[in-house]
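Values quoted throughout were computed directly from the atomic coordinates according to the rules given, and no laboratory measurement underlies them. What you see is a predicted model; the values in this text were computed from it and never measured. Counting neighbours? That spans all protein chains shown, and the Cβs are built from the backbone with ideal geometry, glycine included.
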Amino acid sequence: MQYAKILGTGSYLPANRVSNDDLAKKIDTSDEWITTRTGIKFRHLADDNEKTSDLAVAAARNALASANLPAEELDLIIVATSTPDMIFPSTATIVQQKLGIGSSGCPAFDVQAVCAGFMYAITTANAYIRSGMAKNVLVIGAETFSRILDWNDRTTCVLFGDGAGAVVLGASDEPGIIHSKLQADGDYLDLLKTPGQVVNGQVWGTPFLTMDGPGVFKFAVKMLSKVADEVITEAGYTAGQIDWLVPHQANKRIIESTAKHLGLSMEKVVLTVQEHGNTSAASIPLALDSGIRSGQISRGQHLLLEGIGGGFAWGAVLLKY
Ligand code: ACO
């Protein structure tokens, strides 16, 4: 049985970079409030003509180049997103078309698990490779959350941004993804949601993100710590063997709590939330790509990826890079 190994990574942030001070000119907030509560300094916002698939394709091209793999050799594309280009077809098929490999016939589909989307997508890709159903898989997290935010609601709009990250996984005799775990608890769906839907040409319910911030915070810290422990223990590892924690970049305080629980110093955590805010499914591959390109993460090191989002849905992945 072959492992799923990371062959290459890539990412993309839209050019429009908005600071906390920029936001404070439009709504009643401050750099001090946002920084102390979240660690966020900037977010990047897509232009009107930039779609989620455009961000995804830019990240995918970077990942394919770093993997040195022609797009034609992909045999599966998975896009994690909660902000797809359209109701259907999937953003993954649009990405396939924009990469110019529609005629390859490789399967392509979206996964929707909000901020846990990348955990769900990479775990699905791992299952395809472990079972022999795929050899080279492109896994993307891409979002344009700026389009589902109420820009007059200071309790939510300051937290999120747009972006994309991508990973090319290839079948390998060497590890690879060692262990992963996904979980969900739909009893908490009201704490974080964008309930609107289009019905007979009209929007029913609010099309904007709503959130119980403190409720999300509490649950996130508890469940991320638990799933991280479980993945490490079930794989027969200890937290001391983790070289880098690559967490979902929602909030610096949630990240610090998880690291502290694992006994990891912040020097072992890839932190990028200050640069792009919460980019939902894109945040883990964005952080991973940043960690690799900056030289923090080296080949052979053990990484723990973890994330949680609306649903709630959450998960963690232990891998050897
Ligand atoms: N600027 C200034 N003041 C603000 C802002 C703002 N942007 N937003 C809220 N406030 C005010 C509130 O109105 C409140 O004022 P009041 O006391 O006069 O009513 C005060 O700040 C405190 O509000 P709280 O909600 O208690 O602030 P808290 O310390 O809990 O921080 C936060 C809020 C940052 C949202 C926190 O709860 C949090 O990080 N939760 C996690 C949410 C999250 O990360 N969600 C992402 C999606 S899920 C995921 O990715 C894990």
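Structure values in brief
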{"quantity": "Percent of C-alpha pairs per 5 Å bin, region 234-290, short to long", "calculated": "4, 21, 29, 22, 16, 6, 1"}
{"quantity": "Which listed pairs, of K181/K226; K5/K135; K41/K252; K5/K226; K268/K320; K41/K98, have C-alpha distances above 21 Å, in listed order", "calculated": "K5/K226; K41/K98"}
{"quantity": "Mean shadow area of region 163-321 over all directions, Cα convex hull, nm²", "calculated": "10.8"}
{"quantity": "GNM flexibility winner over the chain from P247, P175, P195 (Cα, springs under 10 Å)", "calculated": "P195"}
{"quantity": "Residues T194, T279 arranged by fewest to most Cβ contacts within 10 Å", "calculated": "T194, T279"}
{"quantity": "Listed residues A184, A281, A60, most fluctuating in the chain (Gaussian network, C-alpha, under 10 Å)", "calculated": "A184"}
{"quantity": "Placed amide H near T144: partners under 5 Å, 5+ positions off or other chain", "calculated": "T83"}
{"quantity": "Virtual spin-label span in nm between D150 and M1, 7 Å along Cα→Cβ", "calculated": "4.8"}
{"quantity": "For region 218-257, diffusion coefficient by Stokes-Einstein and Kirkwood Rh (Cα), 10 °C, 1.306 mPa s, µm²/s", "calculated": "145"}
{"quantity": "Cα centroid separation - region 270-296 against region 1-69, whole Å", "calculated": "8"}
{"quantity": "Those trypsin sites (Lys or Arg not before Pro) in region 226-302 that DSSP places in a loop and that have at most 11 other beta carbons within 10 Å", "calculated": "R299"}
{"quantity": "Cα-only radius of gyration and Dmax that characterise region 1-156, units Å", "calculated": "17.5, 56"}
{"quantity": "Expected 222 nm ellipticity per residue - DSSP helices of 4 or more, -39500 (n - 2.57), all of the chain, to 500", "calculated": "-9500 deg cm²/dmol"}
{"quantity": "Share of alpha-carbon pairs per 10 Å distance bin for the chain, given as whole %", "calculated": "6, 29, 37, 22, 5, 0"}
{"quantity": "GNM top mover of T81, T238, T52 - the chain, alpha-carbon springs below 10 Å", "calculated": "T238"}
{"quantity": "Sorted by Cβ density within 10 Å, fewest first, the residues I78, I297", "calculated": "I297, I78"}
